[in-house]
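**Q** First the structure, then my questions, so here it is.
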Amino acid sequence: MTFIEYFITALTLQAGYNSALVAIGAGLLGLAAGGAGAFIFLRKRALVSDAISHATLPGVGLAFIVMVAFGGDGRWLPGLIIGSAISSAIGLLCVEWITRQTRLSEDAAIGAVLSVFFGLGIVLLTIIQTMSSGRQAGLEGFLLGATAGMLISEAATIAVAGAIAALCVFALRRPMTLVAFDAEYAATTGINVRLTDLAMMGLALIVTVIGLKIVGLVLIVALLIIPPVCARFWTNQVGPMIGISAVIGGVSGYIGAALSSAASSLPTGPIIVLVAFGFFVLSLLFSPLRGALASALRHWRFQRRVHRRQGLLALARNEPIYDGLTLRILRQSGLIRRDNVATLRGRAAAEKSLRDEARWGAVRRLFPDDSVLDRYDGLTPIEDVMTRDQIADIDRSLCEREGMA
Amino acid sequence: MMGAEFVQLSLPPIVIGILAAIACALPGNFLLLRRQALIGDAISHVVLPGIVAAFLVTGTIAAWPMMIGAAVAAIVAVVLIEIVKRLGRVEPGAAMGLVFTTLFAAGVLFLERSDTSSVHIDVEHALLGNLESLIWFDAEGWHSLLDPVALATLPPQLSRLAITLAAMIVFLTLFWKELKISTFDAAFAGAIGIHTRLLGFALVVATAIAAVAAFDAVGSIIVIAMFVCPPAAARLMTNRLDHQVGWSVIFATISAILGYVLAGYGPGWFGSPYAVSAAGMIATIAGIILGLACLFGPQRKRTSQSAAGA
C-alpha cells in the first residue's frame with residue numbers, strides 16, 4: 001500500500017480500530033481546542049495557555065510518584081490527567097495572582113510560571129528516572145505527544161473528554177463572548193467577569209490536559225491559537241468565527257492523526273500543528289476579507305484609480321504628464337493615443353473629472369461643515385454622494401461665480 | 001567537597017551556569033520593561049529547528065554551524081512574527097504563539113525524518129541542556145586554574161559564554177542611554193533622533209545570541225527562566241533601572257549556584273545517590289526567588305499612577 005492509499009484508509013477510519021480512535025480523539029480534541037481558543041484569542045490572552053500547558057509537567061510527575069507510592073501503575077492516564085490538571089490550575093492561579101498583586105505585567109507572569117513549573121517538572125522527571133527504572137518510560141512522551149502504542153482505553157478517555165470539553169464550550173459561549181468583547185458591559189449585565197475568565201482558561205486547561213498524550217505539552221498551545229487566528233480571517237462575526245475555528249481545529253487534529261498513522265515515523269503532535277499552520281497560510285493568502293492577495297488586489301485597484309484620475313486632471317489642464325505608470329494606464333484604457341495626445345473619449349473623461357473637482361470645490365465653499373466632505377478623497381465622483389438636485393444647486397452657484405468673473 | 005574533585009566536576013558547570021544566567025538576565029531587564037518578556041520564550045523554542053536545519057545543511061554537529069543556524073532561526077522567527085502581525089493584523093501574543101509552535105513542530109518533524117540517529121541531537125537535550133556533563137577532565141585541583149595547559153581543556157561552552165556575556169555587557173554599556181530612553185518613552189526617543197525600531201531589533205538580536213549561546217550549555221528551560229525570573233524579581237525590588245539590572249545579576253547568580261548545588265548534592269542529604277536535573281533546579285530556584293520578591297519585595301505594588309494608567 002502506498003502512503004497516499006494508507007492515508008486515505010486512515011482518513012476513512014479503515015486503518016484499524018486503534019488509529020480510528022486516535023483520529024476521532026484528535027478530531028474532537030481539535031474541535032474543543034478551536035472553540036475554547038477562539039474566546040481566549042478574542043480576549044487577547046492567547047499566551048496564557050502556554051503557561052497552562054507547561055505547568056502540567058510537575059503534576060504529571062507528582063501523580064506518577066503518588067500512584068507508584070500507593071502501589072498502583074504510575075502510567076494510568078486518568079490519574080496523570082488529574083495530576084496535570086491540578087498543577088496547571090495552580091500555574092494559572094499563579095499567573096492571575098502575580099498580575100493582580102504585583103506590578104508585573106501578564107507576559108512576565110506567563111514567562112515566569114511556564115519556565116519555573118517546567119523546570120520543577122523536569123526535576124521530578126529525573127527523580128522518577130532514578131526511583132523505578134524502566135517504569136517511567138512514556139512520561140517523556142508527554143513533552144511531544146506519542147500516539148504509537150496508545151492503549152484503546154486511553155484513546156477512549158481522550159475521545160470522551162474531548163466531546164465533553166466541546167459541549168462545555170457550547171454551553172458557555174454567551175457569557176464568554178460578552179466578556180471577550182466588552183468586559184465592563186458584561187459586568188453591568190451581571191456576569192462575573194473574573195469567574196468567566198477563569199472558566200475560559202479552565203476550558204483551555206481541560207483541552208491541554210487531555211491533549212497532552214496526543215500533541216504533547218510543548219505544542220498543545222498551537223491548537224488553541226492557530227485555529228482562531230485562521231477563523232478571524234474569514235469572518236467579522238463571533239458565532240461563525242467560533243464555528244470556523246472549531247472546525248479548523250477539528251479537521252487539523254483529524255487529518256494530522258491520520259497522516260501520522262499513515263507514516264509511522266511522523267510524530268502526531270508536530271503533524272497536527274503543521275496541518276493547522278497550512279490552514280493559516282491558506283487563510284492569510286486567500287481570505288477575501290483580510291487576506292494578503294485580496295488586500296494586494298485592493299491596493300492595485302486603488303493605485304490605478306489614483307493614477308487615472310490625476311492623469312485626467314492633468315490632461316484637462318493641459319499639463320504635461322511625466323509619470324510612466326500614469327501614461328501606461330491612460331493608454332491602456334484608450335484615453336490617450338500613443339503620442340500622449342488625448343483621444344475624444346479621453347478629452348470627455350478629462351473634462352468630467354475637472355468638473356467633478358470644481359463641484360467638490362463648490363461644496364467646500366458653500367457647505368464647509370457638511371459631513372459629505374468626509375467622503376472627498378480625490379477619487380469619488382460627486383454623483384456617488386449627492387443627489388441630482390443638490391448637484392444642480394451646486395452647478396447654479398458655479399455658473400453665478402463664472403458670470404461674476 | 002572543595003577539593004580537586006570539585007574543581008574537576010562542579011566548578012565548570014557552576015561557572016557556566018552563572019555566565020549563562022547573567023547573559024540572559026541582562027537583556028531580560030529591557031525585554032521585561034518593554035513588555036516583550038515572551039520573546040525569550042519564542043526564541044528559545046525556535047533554537048531547535050535552527051540547529052536541526054544547520055545539521056541538515058552541513059551534516060556535522062560542530063558548534064559554530066549549530067549556533068549560526070540557531071541564531072538565523074531566531075531572527076527568522078522574529079521577522080515571521082512581524083510579518084504575521086502586519087500582514088494578517090493578528091494580535092502580537094497570538095502571532096508569537098503561532099510562529100514559535102509552528103517552527104518548533106517543523107524542527108521536531110525534520111529531526112524525526114532525517115537520519116540523525118547517528119548523532120546526538122534530540123529534543124530533550126535541547127530542552128534540558130547537559131550542564132552536568134560539562135566537566136574539566138584535566139583539572140587536578142585549584143592550582144590548575146593557573147596552568148595554561150589544563151585551562152586549554154576547559155569545556156568550550158565556558159569560553160563561548162564568556163565571550164557572549166562580554167559582548168552583551170559591551171552592547172548594553174554602549175547603548176545604555178538610548179535603550180533606557182527608548183524603553184521608557186519611545187516617542188521622546190524618536191523625537192531626539194534615536195532609531196527606536198533599529199534599537200529594538202538590535203536588542204532582540206542580542207537576546208537571540210544570548211539564548212543560543214546559553215541553550216547549548218544549559219538547555220532552553222534555564223534560558224526562558226533567566227530571561228524572565230531574575231529581572232521580574234529585580235523589578236519588585238527597586239524603581240531605578242541601574243539598580244534593577246544589578247539586582248537581576250545577583251538573583252541570576254544565586255539561582256545558578258544554589259540550583260546547581262541543590263541538584264548535585266541535595267538528593268544526597270536525603271540519602272539518594274542520584275542527582276536531579278541541574279537545569280530544572282536552577283529554574284525552580286529562580287522561581288522561588290521571584291515568589292519571595294512577589295511577597296516581600298519593597299516595590300512589589302503598582303504605583304498609583306501606573307495603576308490608573310492600567
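The values are calculated or read from the model by the stated rules, or taken from the named source; none is laboratory data. Computed from a predicted model, the values in this text were never measured in an experiment. Note that each Cβ is placed from the backbone with ideal geometry, even for glycine, and that neighbours are counted across all protein chains shown.
**Q** Of the conditions (1) within 13 Å of chain B (Cβ to nearest Cβ); (2) part of a helix (DSSP H, G or I), A:Gly83 fails just one. Which one is it?
**A** A:Gly83 satisfies every listed condition except (1).
**Q** Name the residue, out of A:Gln303, A:Gln390, that is part of a helix (DSSP H, G or I) and surrounded by 13 or more Cβ atoms within 10 Å (Cβ to Cβ).
**A** Answer to the check: A:Gln390.
**Q** Checking the condition within 14 Å of chain B (Cβ to nearest Cβ) and among the hydrophobic types (A, V, I, L, M, F, W, C), which residue from A:Leu203, A:Leu195, A:Leu274 passes? Spell out how you get there, then give the answer.
**A** On the way: A:Leu203 fails: within 14 Å of chain B (Cβ to nearest Cβ); A:Leu195 fails: within 14 Å of chain B (Cβ to nearest Cβ).
Residue meeting the stated conditions: A:Leu274.
**Q** Going by what's in this entry, would A:Thr130 be described as within 14 Å of chain B (Cβ to nearest Cβ) and touching a Phe, Trp or Tyr at 6+ places or on another chain (Cβ under 7 Å)?
**A** yes
**Q** Given (1) at pLDDT 85 or above; (2) in contact with a helix residue (DSSP H, G or I) (Cβ under 8 Å, 6 or more places away or on another chain), identify the lone condition not met by A:Gly324.
**A** Unmet for A:Gly324, out of (1) at pLDDT 85 or above; (2) in contact with a helix residue (DSSP H, G or I) (Cβ under 8 Å, 6 or more places away or on another chain): (2).
**Q** Among (1) of a type in the set (Ser, Thr, Tyr); (2) modelled with pLDDT of 90 or more; (3) under 27 Å from A:Ala163 (Cβ atoms), there is one condition A:Thr99 misses while meeting the rest; what is its number?
**A** (3)
**Q** Something else now. List the residue pairs whose Cβ atoms are under 9 Å apart, where the first residue sits in region B:128-149 and is in contact (Cβ under 8 Å) with a residue 40 or more places away in the chain and part of a loop (DSSP other than H, G, I, E, B), the second is of a type outside the set (A, V, I, L, M) and loosely packed, with under 12 Cβ neighbours inside 10 Å, and the two are 6 or more positions apart or on different chains.
**A** Here the result reads B:Gly141/B:Gly3, each pair linking region B:128-149 to a residue that is of a type outside the set (A, V, I, L, M) and loosely packed, with under 12 Cβ neighbours inside 10 Å.
**Q** Under 6 Å between Cβ atoms, which residue pairs at least 6 apart in sequence (or on different chains) link something in region B:88-103 that is facing another protein chain (nearest Cβ under 7 Å) with a partner that is aromatic (Phe, Trp, Tyr)?
**A** Listed pairs, sorted by first residue: B:Ala94/A:Phe41; B:Thr102/A:Phe277.
**Q** Follow-up question, since we're still on this one. Name the single residue, out of those in region B:1-29 being of a type in the set (Gly, Ala, Ser) and modelled with pLDDT of 80 or more, that is nearest to B:Ala150 (Cα to Cα).
**A** B:Ser10
**Q** Separate question: So, B:Ser248, is that one closer than 16 Å to B:Phe30 by Cβ and polar (S, T, N, Q) or not? If you could, list the steps in order and put the result at the bottom.
**A** Values: closer than 16 Å to B:Phe30 by Cβ: yes; polar (S, T, N, Q): yes.
In short, yes.
**Q** Here is a further query. Looking only at residues in region B:104-114 that are more than 7 Å from chain A (Cβ to nearest Cβ) and part of a helix (DSSP H, G or I), which one is surrounded by the most Cβ atoms within 10 Å (Cβ to Cβ)?
**A** B:Gly107
**Q** If you check A:Asp73, A:Asp50, which single one turns out to be surrounded by 22 or more Cβ atoms within 10 Å (Cβ to Cβ), charged (D, E, K, R) and touching a helix residue (DSSP H, G or I) at 6+ places or on another chain (Cβ under 9 Å)?
**A** On the way: A:Asp73 fails: surrounded by 22 or more Cβ atoms within 10 Å (Cβ to Cβ).
Unique residue meeting the criteria: A:Asp50.
**Q** Being under 41 Å from the mean Cα position of the chain (by Cα) and either basic (Lys, Arg) or not in a helix (DSSP H, G or I) (or both), is that true of even one residue in region A:393-404?
**A** No, region A:393-404 has no match at all.
**Q** If you don't mind, another one. Among the residues of region A:283-300, write down those that are under 26 Å from A:Leu325 (Cβ atoms) and either part of a helix (DSSP H, G or I) or of a type in the set (Lys, Arg) (or both).
**A** Residues of region A:283-300 under 26 Å from A:Leu325 (Cβ atoms): A:285, A:291-300.
Within region A:283-300, A:Leu285, A:Ala292, A:Leu293, A:Ala294, A:Ser295, A:Ala296, A:Leu297, A:Arg298, A:His299, A:Trp300 qualify.
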